[in-house]
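Got a structure for you, written out below as structure tokens; questions coming shortly.
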Amino acid sequence: MTPRVRGWRPLEGALLAVAAIVALAAAAAPALVRDGRVVPSDLGAAAAVLAAYAALHVAMCWRAPDADPFIVPLLALFGGLSLTLVRRLAPDFATAELRWQLLAVGAVAVVALGPVETRTLQRYRYSLASAGIALVGVTLLFGRSAEGAVAGAPRLWLGVGSLGFQPSEVMKLVLIVFLAGYIDDRRELLSEGGPRIGRWRLPPVPYLAPLAVMLGLSLLMLVVQRDLGAALLLFAITLGMLYLATLRADVVAVALAAFAGGAIYLHGHAEIVATRAAIWLDPWSASQDAGYQLVQGLVAIASGGVVGTGIGRGQPGIVPAVHTDYIFAAVAEELGVAGAAAVLAVYGVLAWRGFRIALGARRSFDALLAAGLTIGLAFQEAIIIGGNLRLMPLTGITLPFLSYGGSSLLICAVCAGLLLRISRPSSVPDGGLA
Amino acid sequence: MTPIEAELLFARALVLIGLYAFIGLAGYAAWRELRQARRAAPAARGAHAARLIVLEGGASDRMPGTQFGIGPIVRIGRDIDNDVVLADPTISGRHALLARRDGGWWIEDLGSRNGVEVNRTRLSAGMPFVVRSGDTVGLGAVRLRLVCPDETA
């Protein structure tokens, strides 16, 4: 069967049109509130990003007609909303946000349609893992705080001059690629089990050891840097991928027990963990200092009501870090519970497509990679939204695709690009790499 | 209501309705995909036949992960006329017989030198033993796994 080279992608086109309507209406609303009228320059940024995604849609029709039709519209929808929210909540970052959004479209296009196959990633899994650990290590020594942050804030940034990025974001992607490669090499052995004691079969320790070392090193570095959200995310990704590949509940049980032990130890020995737990359980008694952000976030969410105050009419700017960690609170305030639930459902669509792509992948490495990327995105959303809603202790990570943040947005775009690439059945010939 | 308020209401409604239209379209696509999968299912069933997967190949040239599609009677051994030929010195010429009987799979040691194990339990020669989907069968230095996707055993 010769693969079709071109083809219309009607579902992608229709979804993209809906996404464009949402993004343009969202961009027009704040201008109406502010000036009482909408001039073309108010919609310029959103239109530029939408045009970039439309171009990507045409390129997909041309080069990858079989690829998944949901990913590009999802990115356009989140991109448009993010642009509008950041322009209003953090006007200083508006230009940078537009630049990052356009770069993200480019990143998706290069990863999804470019010459690099996923098997190249598979081949360099150990090099990537070493580079990732080295990167986090270098940050430990030479890292700096985000611009304008208070003294003593976690030093998570690496960069020269005004250019900077967050290595923990890169680490997430590196860990997923490494795990997919490592688990794919040894799947039968990992699920087989090791020595027996009575009727209990122990996990196959020799094969889990390198995995544990990789995870342990990255977690240690992130905990030392006090980047608890990223550490939690890396742990969740590892556990999720290991369980998917082996279906062994005992491995999960052991890992969760270790996690509980670690959490209790850190609660007693690390001030930041104890503070986070305390303000999670009772933010109100510390509402003017440690719990200020949490309380303001809850007030913002509550003031949204069912349909929200309307975009441009709320006061989410009061919440600290509203354009990054707390962007979901801004969505909930201005779009209400109806809009917040819709955004959650759209994230659900993304997770559904991710796992569909994993199920349809031709090679087991691709399947593990797609599942890992989906798990990573889904857990990141759950961790930060759960933190915003006080369902779990707040740990500062970005909300994928919506928060302002160059490193986060680019890495999420690469994840989406990889999902698109894996979903192209015609692009990957079978066999090859052993 | 002033014209601006009306426009604002329109913009707000468009955002929310658009978001839900997006989710609705996705739901419709999911429903269509499921319906197509259900129609295609009977045709694909033949692909889910029982098979043996090599976990450890011993000195034979079978790589781990190699799969043997198998019929209802499977002769396993080193001789060339077996259904599954394993060229390993620890495998006897006629090592074992795997057969489907009474809705299950049974394996019998045909008097091999190095024996047959199911999930690391050594079998007595001439005594057939039940093998379920997912079980590991050891023959000398070779280990195989029986997989039959249609059975939930």
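The values are calculated or read from the model by the stated rules, or taken from the named source; none is laboratory data. Nothing here was measured: the structure is a model prediction, and the numbers come from that model. Glycine gets a Cβ as well: all are built from the backbone with ideal geometry, and neighbour counts include every protein chain shown. The area values use the complete protein model at the heavy-atom level, side chains included, leaving out ligands, DNA and RNA. Shrake-Rupley method; radii C 1.70, N 1.55, O 1.52, S 1.80 Å.
Report whether or not A:Val116 is surrounded by fewer than 16 Cβ atoms within 10 Å (Cβ to Cβ) and under 13 Å from A:Leu418 (Cα atoms).
On the way: surrounded by fewer than 16 Cβ atoms within 10 Å (Cβ to Cβ): yes; under 13 Å from A:Leu418 (Cα atoms): yes.
Yes, satisfied.
Then there's this: Go over the candidates A:Leu15, A:Leu24 one by one and state the one that is touching a helix residue (DSSP H, G or I) at 6+ places or on another chain (Cβ under 8 Å), buried (at least 24 other Cβ atoms within 10 Å of the Cβ), closer than 24 Å to A:Ser403 by Cβ and at pLDDT 90 or above.
After applying the criteria, what remains is A:Leu15.
Looking only at segment A:250-273, which residues are open to solvent by 70 Å² or more (accessible area, probe 1.4 Å) and touching a Phe, Trp or Tyr at 6+ places or on another chain (Cβ under 8 Å)?
Of everything in segment A:250-273, just one residue is open to solvent by 70 Å² or more (accessible area, probe 1.4 Å) and touching a Phe, Trp or Tyr at 6+ places or on another chain (Cβ under 8 Å), namely A:Phe259.
Could I ask something else about it? In segment A:219-247, how many are touching a Leu at 6+ places or on another chain (Cβ under 8 Å) and over 19 Å from A:Gly387 (Cα atoms)?
Result for segment A:219-247: 11.
Which residue pairs have Cβ atoms closer than 6 Å, lie 6 or more positions apart in sequence or on different chains, and pair a first residue in segment B:1-18 that is aromatic (Phe, Trp, Tyr) with a second residue that is modelled with pLDDT under 85 and open to solvent by 90 Å² or more (accessible area, probe 1.4 Å)?
Final answer for the pair search is none.
Next up: Would you check which residues across segment A:42-52 are in contact with a helix residue (DSSP H, G or I) (Cβ under 9 Å, 6 or more places away or on another chain) and either within 14 Å of another protein chain (Cβ to nearest Cβ) or open to solvent by 50 Å² or more (accessible area, probe 1.4 Å) (or both) and list them?
A:Asp42, A:Leu43, A:Ala46, A:Leu50
List pairs: first in segment A:290-312 and within 14 Å of another protein chain (Cβ to nearest Cβ), second assigned to a loop (DSSP other than H, G, I, E, B) and open to solvent by less than 10 Å² (accessible area, probe 1.4 Å), Cβ under 8 Å, 6+ apart or cross-chain?
Cβ pairs passing all conditions: A:Gly304/A:Gly314; A:Gly308/A:Gly314.
Given the residues B:Tyr28, B:Tyr20, which is the only one that is at pLDDT 80 or above, more than 8 Å from chain A (Cβ to nearest Cβ) and surrounded by 10 or more Cβ atoms within 10 Å (Cβ to Cβ)?
Values: B:Tyr20 fails: more than 8 Å from chain A (Cβ to nearest Cβ).
One residue alone meets the criteria, B:Tyr28.
Any residue at all in segment A:361-382 that is within 27 Å of A:Leu179 (Cα to Cα), more than 14 Å from every other protein chain (Cβ to nearest Cβ) and among the aromatic types (Phe, Trp, Tyr)?
Scanning segment A:361-382, I find at least one residue that is within 27 Å of A:Leu179 (Cα to Cα), more than 14 Å from every other protein chain (Cβ to nearest Cβ) and among the aromatic types (Phe, Trp, Tyr), so the answer is yes.
Additional query: Tell me, please, whether a residue that is surrounded by fewer than 21 Cβ atoms within 10 Å (Cβ to Cβ) and assigned to a helix (DSSP H, G or I) can be found in segment A:63-73. Lay out the reasoning, then the answer.
Taking segment A:63-73 as the starting set, the residues that turn out to be surrounded by fewer than 21 Cβ atoms within 10 Å (Cβ to Cβ) are A:63, A:65-66.
Pick out the ones that are also assigned to a helix (DSSP H, G or I) and you get A:63.
Scanning segment A:63-73 turns up at least one residue that is surrounded by fewer than 21 Cβ atoms within 10 Å (Cβ to Cβ) and assigned to a helix (DSSP H, G or I).
What about A:Arg9, is it basic (Lys, Arg), within 14 Å of chain B (Cβ to nearest Cβ), over 20 Å from A:Ala342 (Cβ atoms) and in contact with a helix residue (DSSP H, G or I) (Cβ under 6 Å, 6 or more places away or on another chain)?
Against the criterion (basic (Lys, Arg), within 14 Å of chain B (Cβ to nearest Cβ), over 20 Å from A:Ala342 (Cβ atoms) and in contact with a helix residue (DSSP H, G or I) (Cβ under 6 Å, 6 or more places away or on another chain)), A:Arg9 qualifies.
Assess whether A:Leu83 counts as being within 25 Å of the chain's Cα centre (by Cα) and under 17 Å from A:Val108 (Cα atoms).
No.
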